[in-house]
(Lines give C-alpha, C1' and ligand atoms only; values in the text may rest on other atoms or scores of the structure.)
Protein backbone atom coordinates (compact mmCIF):
# COMPACT_ATOMS: atom_id res chain seq x y z
CA UNK A 1 0.00 0.00 0.00
CA UNK A 2 1.15 3.54 -0.82
CA UNK A 3 0.51 6.91 0.76
CA UNK A 4 -0.53 10.08 -1.03
CA UNK A 5 -0.70 13.21 1.06
CA UNK A 6 -1.37 16.92 1.05
CA UNK A 7 -1.23 19.69 3.66
CA UNK A 8 -3.73 22.42 4.49
CA UNK A 9 -3.14 25.04 7.20
CA UNK A 10 -3.98 28.55 8.25
CA UNK A 11 -5.96 29.72 5.20
CA UNK A 12 -9.45 28.20 5.27
CA UNK A 13 -9.98 28.89 1.57
CA UNK A 14 -7.37 26.23 0.85
CA UNK A 15 -10.01 23.73 1.97
CA UNK A 16 -11.76 24.52 -1.32
CA UNK A 17 -8.61 23.54 -3.21
CA UNK A 18 -8.14 20.46 -1.04
CA UNK A 19 -11.69 19.33 -1.85
CA UNK A 20 -11.08 19.75 -5.58
CA UNK A 21 -7.89 17.71 -5.29
CA UNK A 22 -9.55 14.89 -3.34
CA UNK A 23 -12.63 14.76 -5.54
CA UNK A 24 -10.55 14.62 -8.70
CA UNK A 25 -8.37 11.90 -7.18
CA UNK A 26 -11.36 9.79 -6.17
CA UNK A 27 -13.02 10.02 -9.59
CA UNK A 28 -10.03 8.41 -11.26
CA UNK A 29 -8.78 6.17 -8.45
CA UNK A 30 -11.87 4.61 -6.85
CA UNK A 31 -10.40 1.11 -6.98
CA UNK A 32 -7.08 2.09 -5.43
CA UNK A 33 -6.07 0.71 -2.04
CA UNK A 34 -3.71 3.61 -1.43
CA UNK A 35 -4.43 5.93 1.47
CA UNK A 36 -4.84 9.68 1.08
CA UNK A 37 -3.50 11.55 4.10
CA UNK A 38 -4.39 15.14 4.92
CA UNK A 39 -2.03 16.90 7.29
CA UNK A 40 -3.81 19.80 8.92
CA UNK A 41 -4.24 21.81 12.09
CA UNK A 42 -6.59 20.79 14.94
CA UNK A 43 -9.02 23.64 14.20
CA UNK A 44 -9.50 22.34 10.63
CA UNK A 45 -9.99 18.71 11.64
CA UNK A 46 -13.81 18.55 11.57
CA UNK A 47 -14.07 20.40 8.27
CA UNK A 48 -11.44 18.19 6.66
CA UNK A 49 -13.14 15.07 8.02
CA UNK A 50 -16.54 16.16 6.68
CA UNK A 51 -15.09 16.80 3.24
CA UNK A 52 -13.24 13.48 3.12
CA UNK A 53 -16.14 11.38 4.39
CA UNK A 54 -18.53 12.96 1.88
CA UNK A 55 -16.23 11.96 -1.00
CA UNK A 56 -15.84 8.34 0.08
CA UNK A 57 -12.11 7.85 -0.40
CA UNK A 58 -9.74 5.88 1.82
CA UNK A 59 -8.24 8.64 3.98
CA UNK A 60 -6.50 9.55 7.19
CA UNK A 61 -6.10 12.90 8.94
CA UNK A 62 -3.03 13.84 10.94
CA UNK A 63 -3.19 17.05 12.93
CA UNK A 64 -0.10 18.99 13.92
CA UNK A 65 -0.24 22.21 15.90
CA UNK A 66 1.53 24.77 13.74
CA UNK A 67 0.89 28.20 12.21
CA UNK A 68 0.58 29.93 15.57
CA UNK A 69 2.77 32.87 14.59
CA UNK A 70 1.50 36.41 14.98
CA UNK A 71 2.01 37.31 11.32
CA UNK A 72 0.42 35.94 8.18
CA UNK A 73 3.74 35.68 6.38
CA UNK A 74 5.26 33.51 9.11
CA UNK A 75 2.24 31.21 9.11
CA UNK A 76 2.41 30.80 5.34
CA UNK A 77 6.14 30.14 5.64
CA UNK A 78 5.66 27.38 8.21
CA UNK A 79 2.81 25.81 6.24
CA UNK A 80 5.03 25.52 3.15
CA UNK A 81 7.63 23.36 4.86
CA UNK A 82 5.16 21.21 6.79
CA UNK A 83 5.23 18.77 3.86
CA UNK A 84 8.73 17.65 4.86
CA UNK A 85 7.56 16.74 8.35
CA UNK A 86 6.04 13.54 6.96
CA UNK A 87 8.89 11.54 8.54
CA UNK A 88 7.09 11.93 11.91
CA UNK A 89 3.73 10.60 10.71
CA UNK A 90 2.85 7.85 13.24
CA UNK A 91 1.66 5.36 10.60
CA UNK A 92 4.49 5.96 8.15
CA UNK A 93 5.84 2.39 8.30
CA UNK A 94 2.69 0.96 6.71
CA UNK A 95 3.47 2.33 3.25
CA UNK A 96 5.78 1.47 0.37
CA UNK A 97 5.86 4.69 -1.60
CA UNK A 98 4.92 8.21 -0.65
CA UNK A 99 3.63 10.92 -2.98
CA UNK A 100 3.17 14.49 -1.81
CA UNK A 101 0.76 16.74 -3.75
CA UNK A 102 0.08 20.45 -3.33
CA UNK A 103 -3.56 21.47 -2.93
CA UNK A 104 -3.50 23.36 -6.24
CA UNK A 105 -3.33 20.10 -8.20
CA UNK A 106 -6.09 18.30 -10.07
CA UNK A 107 -5.82 14.54 -10.64
CA UNK A 108 -6.94 13.68 -14.15
CA UNK A 109 -6.36 9.95 -14.56
CA UNK A 110 -5.43 6.85 -12.57
CA UNK A 111 -2.18 7.41 -10.68
CA UNK A 112 -1.20 3.72 -10.79
CA UNK A 113 1.48 4.23 -13.50
CA UNK A 114 3.23 6.73 -11.21
CA UNK A 115 2.89 4.60 -8.10
CA UNK A 116 4.30 1.59 -10.00
CA UNK A 117 7.48 3.37 -11.11
CA UNK A 118 10.78 1.77 -10.16
CA UNK A 119 12.49 4.34 -7.97
CA UNK A 120 16.00 4.82 -6.64
CA UNK A 121 16.79 6.50 -3.35
CA UNK A 122 16.01 9.99 -4.53
CA UNK A 123 13.15 12.45 -4.44
CA UNK A 124 11.24 12.49 -7.72
CA UNK A 125 9.93 15.90 -8.69
CA UNK A 126 8.80 17.77 -11.80
CA UNK A 127 11.10 19.99 -13.83
CA UNK A 128 10.13 23.66 -13.77
CA UNK A 129 11.80 26.25 -15.95
CA UNK A 130 14.48 28.00 -13.95
CA UNK A 131 13.51 31.31 -12.38
CA UNK A 132 16.16 33.43 -10.67
CA UNK A 133 14.05 34.04 -7.55
CA UNK A 134 11.65 31.10 -7.45
CA UNK A 135 14.41 28.46 -7.69
CA UNK A 136 17.84 30.05 -7.40
CA UNK A 137 17.65 32.95 -4.96
CA UNK A 138 20.20 31.15 -2.74
CA UNK A 139 22.64 30.66 -5.63
CA UNK A 140 25.21 32.99 -7.15
CA UNK A 141 24.88 34.10 -10.77
CA UNK A 142 27.31 31.50 -12.07
CA UNK A 143 25.44 28.59 -10.50
CA UNK A 144 22.12 30.04 -11.63
CA UNK A 145 23.29 29.96 -15.24
CA UNK A 146 24.52 26.36 -14.85
CA UNK A 147 21.25 25.16 -13.34
CA UNK A 148 19.26 27.00 -15.98
CA UNK A 149 21.30 25.54 -18.81
CA UNK A 150 21.20 21.99 -17.44
CA UNK A 151 17.50 22.15 -16.53
CA UNK A 152 18.11 21.06 -12.95
CA UNK A 153 15.42 23.12 -11.23
CA UNK A 154 12.07 21.76 -10.08
CA UNK A 155 8.80 22.54 -8.37
CA UNK A 156 8.21 21.31 -4.82
CA UNK A 157 4.48 20.93 -5.58
CA UNK A 158 4.89 17.16 -5.94
CA UNK A 159 7.44 14.84 -4.39
CA UNK A 160 7.50 11.08 -4.94
CA UNK A 161 9.83 8.74 -3.09
CA UNK A 162 10.35 5.25 -1.75
CA UNK A 163 9.49 4.98 1.91
CA UNK A 164 12.81 4.05 3.47
CA UNK A 165 15.12 5.37 6.16
CA UNK A 166 17.41 7.24 3.75
CA UNK A 167 14.61 9.22 2.14
CA UNK A 168 12.83 9.93 5.41
CA UNK A 169 16.07 11.14 6.94
CA UNK A 170 16.50 13.43 3.97
CA UNK A 171 13.00 14.83 4.43
CA UNK A 172 13.97 15.44 8.06
CA UNK A 173 17.12 17.25 6.94
CA UNK A 174 15.07 19.52 4.66
CA UNK A 175 12.50 20.22 7.35
CA UNK A 176 15.04 21.13 10.02
CA UNK A 177 17.14 23.23 7.66
CA UNK A 178 14.16 25.28 6.48
CA UNK A 179 12.75 25.62 9.98
CA UNK A 180 16.08 26.90 11.27
CA UNK A 181 16.41 29.23 8.31
CA UNK A 182 12.92 30.55 9.02
CA UNK A 183 13.80 31.21 12.66
CA UNK A 184 17.04 32.96 11.77
CA UNK A 185 16.00 34.85 8.64
CA UNK A 186 12.48 36.15 9.15
CA UNK A 187 12.07 37.51 5.64
CA UNK A 188 11.10 34.56 3.41
CA UNK A 189 12.50 33.93 -0.03
CA UNK A 190 10.19 34.10 -3.01
CA UNK A 191 8.43 30.71 -3.22
CA UNK A 192 9.39 30.19 0.43
CA UNK A 193 10.73 26.61 0.78
CA UNK A 194 11.35 26.00 -2.93
CA UNK A 195 14.69 27.84 -3.46
CA UNK A 196 16.09 26.20 -0.33
CA UNK A 197 15.10 22.69 -1.39
CA UNK A 198 16.40 23.30 -4.92
CA UNK A 199 19.77 24.35 -3.53
CA UNK A 200 20.11 21.51 -1.04
CA UNK A 201 18.69 18.62 -3.02
CA UNK A 202 20.48 19.45 -6.28
CA UNK A 203 23.78 19.84 -4.43
CA UNK A 204 23.21 16.53 -2.60
CA UNK A 205 22.25 14.75 -5.85
CA UNK A 206 18.93 13.74 -4.32
CA UNK A 207 16.64 14.82 -7.15
CA UNK A 208 15.29 13.23 -10.31
CA UNK A 209 13.21 15.88 -12.08
CA UNK A 210 12.75 14.11 -15.42
CA UNK A 211 10.66 10.96 -14.99
CA UNK A 212 7.46 12.66 -13.83
CA UNK A 213 7.26 14.91 -16.89
CA UNK A 214 5.62 12.04 -18.79
CA UNK A 215 2.79 11.94 -16.26
CA UNK A 216 2.49 15.43 -14.76
CA UNK A 217 1.73 18.80 -16.31
CA UNK A 218 2.81 22.09 -14.76
CA UNK A 219 0.68 25.05 -15.87
CA UNK A 220 2.14 28.46 -15.12
CA UNK A 221 0.36 31.83 -14.85
CA UNK A 222 1.19 32.72 -18.46
CA UNK A 223 0.03 29.45 -20.04
CA UNK A 224 -3.12 29.70 -22.14
CA UNK A 225 -5.98 27.54 -23.36
CA UNK A 226 -3.72 25.50 -25.64
CA UNK A 227 -1.96 24.18 -22.53
CA UNK A 228 -5.24 23.39 -20.77
CA UNK A 229 -6.32 21.37 -23.80
CA UNK A 230 -3.38 19.02 -23.21
CA UNK A 231 -4.43 18.12 -19.66
CA UNK A 232 -6.22 14.87 -20.44
CA UNK A 233 -2.98 13.34 -21.73
CA UNK A 234 -1.54 13.52 -18.22
CA UNK A 235 -2.30 11.93 -14.88
CA UNK A 236 -2.28 15.15 -12.91
CA UNK A 237 -1.88 18.87 -13.38
CA UNK A 238 -0.35 21.50 -11.10
CA UNK A 239 -1.52 25.12 -11.36
CA UNK A 240 1.50 27.18 -10.38
CA UNK A 241 0.71 30.64 -9.00
CA UNK A 242 2.11 32.69 -6.14
CA UNK A 243 2.36 30.98 -2.75
CA UNK A 244 -0.67 31.79 -0.60
CA UNK A 245 -2.69 33.31 -3.46
CA UNK A 246 -5.86 31.26 -2.89
CA UNK A 247 -7.94 33.43 -5.24
CA UNK A 248 -5.86 32.73 -8.35
CA UNK A 249 -5.53 29.04 -7.52
CA UNK A 250 -9.28 28.56 -7.04
CA UNK A 251 -10.06 30.51 -10.20
CA UNK A 252 -7.58 28.59 -12.33
CA UNK A 253 -8.50 25.11 -11.09
CA UNK A 254 -12.22 25.88 -11.46
CA UNK A 255 -11.73 27.21 -14.99
CA UNK A 256 -9.60 24.22 -15.97
CA UNK A 257 -12.24 21.68 -14.92
CA UNK A 258 -14.27 22.36 -18.06
CA UNK A 259 -11.44 20.88 -20.15
CA UNK A 260 -11.44 17.52 -18.36
CA UNK A 261 -12.99 14.49 -20.01
CA UNK A 262 -14.53 13.17 -16.80
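Only one entry in 98, 114 is in a strand (DSSP E or B) and either over 25 Å from residue 202 (Cβ atoms) or under 16 Å from the mean Cα position of the chain (by Cα) (or both), namely 98. Residues in segment 226-253 that are in contact (Cβ under 8 Å) with a residue 12 or more places away in the chain, out of contact with any strand residue (DSSP E or B) (no Cβ under 9 Å at 6 or more places or on another chain), more than 30 Å from residue 71 (Cα to Cα) and not in a loop (DSSP other than H, G, I, E, B): 232 alone. Remark: residue 200 falls outside the filter, which requires a residue to be in contact with a helix residue (DSSP H, G or I) (Cβ under 7 Å, 6 or more places away or on another chain), surrounded by 16 or more Cβ atoms within 10 Å (Cβ to Cβ) and outside any helix (DSSP H, G or I).
Could you please let me know if residue 222 is outside any helix (DSSP H, G or I) and touching a residue at least 40 places away in the same chain (Cβ under 8 Å)?
The answer is no for residue 222.
Residue 195 satisfies every condition listed in (1) in contact (Cβ under 8 Å) with a residue 60 or more places away in the chain; (2) touching a helix residue (DSSP H, G or I) at 6+ places or on another chain (Cβ under 8 Å); (3) surrounded by 14 or more Cβ atoms within 10 Å (Cβ to Cβ) except (2). Residues in segment 123-156 that are out of contact with any helix residue (DSSP H, G or I) (no Cβ under 8 Å at 6 or more places or on another chain) and part of a loop (DSSP other than H, G, I, E, B) were compared, and the one that is nearest to residue 172 (Cα to Cα) is 128. Residues in segment 203-214 that are surrounded by fewer than 14 Cβ atoms within 10 Å (Cβ to Cβ) and in a helix (DSSP H, G or I): 203, 213, 214.
Take segment 49-63 and flag every residue that is in contact with a helix residue (DSSP H, G or I) (Cβ under 7 Å, 6 or more places away or on another chain) and either closer than 18 Å to residue 180 by Cβ or assigned to a helix (DSSP H, G or I) (or both).
Selection gives 51, 52, 55.
Among the listed residues 114, 178, 159, which satisfies the condition of being in contact with a helix residue (DSSP H, G or I) (Cβ under 6 Å, 6 or more places away or on another chain) and at pLDDT 95 or above?
Every option except 178 fails the conditions.
Considered as a group, the residues in segment 156-189 that are without any contact (Cβ under 8 Å) to a residue 40 or more places away in the chain and surrounded by 16 or more Cβ atoms within 10 Å (Cβ to Cβ) include one that is farthest from residue 83 (Cα to Cα), and that residue is 181.
The values are calculated or read from the model by the stated rules, or taken from the named source; none is laboratory data. As the structure is a computational prediction, the values presented were derived from the model and not from experiment. As a convention, Cβ positions derive from the backbone with ideal geometry for all residues, glycine included, and neighbour counts pool all protein chains shown.
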